[in-house]
1. Using the Cα gyration tensor of segment 3-80, with a ≥ b ≥ c the square roots of its eigenvalues, what is the shape: rounded (a/c below 1.5), prolate (a/b larger than b/c) or oblate (neither)?
2. I need the calculated FRET efficiency for the pair residue 30 and residue 157, taking r as the beta carbon distance and R₀ as 41 Å, to the nearest 0.05.
3. Would you please give the FRET efficiency between residue 43 and residue 150, computed as 1/(1 + (r/R0)^6) with r the Cβ-Cβ distance and R0 = 25 Å, to the nearest 0.05?
4. Grab the beta carbon distance between residue 75 and residue 19, set R0 = 25 Å, and tell me the FRET efficiency rounded to 0.05.
5. Calculate for the chain the 222 nm mean residue ellipticity that helices alone would give, adding -39,500 (n - 2.57) per DSSP H run of length 4 or more and normalising by residue count, nearest 500 deg cm²/dmol.
6. May I ask you to list the residues of segment 38-64 whose amide nitrogen lies under 18 Å from a point 7 Å from Cα along the Cα→beta-carbon direction of residue 94?
7. Mean separation of Cα pairs under 8 Å and 6+ residues apart, divided by the residue count of segment 1-93: what relative contact order is that in percent?
8. Output the direction-averaged projected area (hull surface divided by four) of the convex hull of the alpha-carbon atoms of the chain, in nm².
């Protein structure tokens, strides 16, 4: 998936968005954006006269407050179904590590290493690992990984990205 900068006036909040946050949480998000900048892309889909925000409606509200003119977004085509994008997952984890380093955090828990309840499947309609930020994908049906043949998992690109990051920092 590609990140593109879209004019903020073309972005519409999803009317069906059930994710509402109270004033205190909105203020925490506002403070975070003020301190660290905008770090998580919005996820949008094309609609008739612009784009509907699928993920990031609260951030969009705040970006309007900050008078931002262009917003980094990932455009998804729901007609094509879900797409596995391990490169994006790896990039987002590294960005989070960079933010924590800049903030002076001495240590953090990166993500979930493995989640057996979200297994990988070659069929995208059954690939529950597709959107997870696990560092490895769980294999099913008695399969073992090729990188570590005695394990029932295979490293994802984020596994290598996190290792590479820490080898340099």
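1. Numbers: a/c = 1.98, a/b = 1.48, b/c = 1.34.
Note, shape of segment 3-80 comes out prolate.
2. Details: r = 32 Å, r/R0 = 0.79.
Efficiency at R0 = 41 Å is approximately 0.80.
3. Values: r = 37 Å, r/R0 = 1.48.
Computed FRET efficiency for residue 43 and residue 150 comes out at 0.10.
4. On the way: r = 20 Å, r/R0 = 0.80.
Once the sixth-power term is evaluated, E becomes 0.80.
5. Values: 4 runs with 52 residues, N = 169.
The helix contribution divided over the chain gives -10000 deg cm²/dmol.
6. Of the residues in segment 38-64, 39-41 have backbone N under 18 Å from the label point off residue 94.
7. Details: 106 pairs, mean separation 40.5, N = 93.
In percent, rounded to a whole number, it is 44.
8. Details: hull surface 47.7 nm².
Across all orientations, the chain yields a mean hull projection of 11.9 nm².
Quick note: the coordinates plus some simple rules give every number you see, no bench work behind them. Since this is a predicted model, take the numbers as computed values, not measurements. Neighbour counts are summed over all protein chains in view; Cβ atoms, including those assigned to glycine, are modelled from backbone coordinates with ideal geometry.
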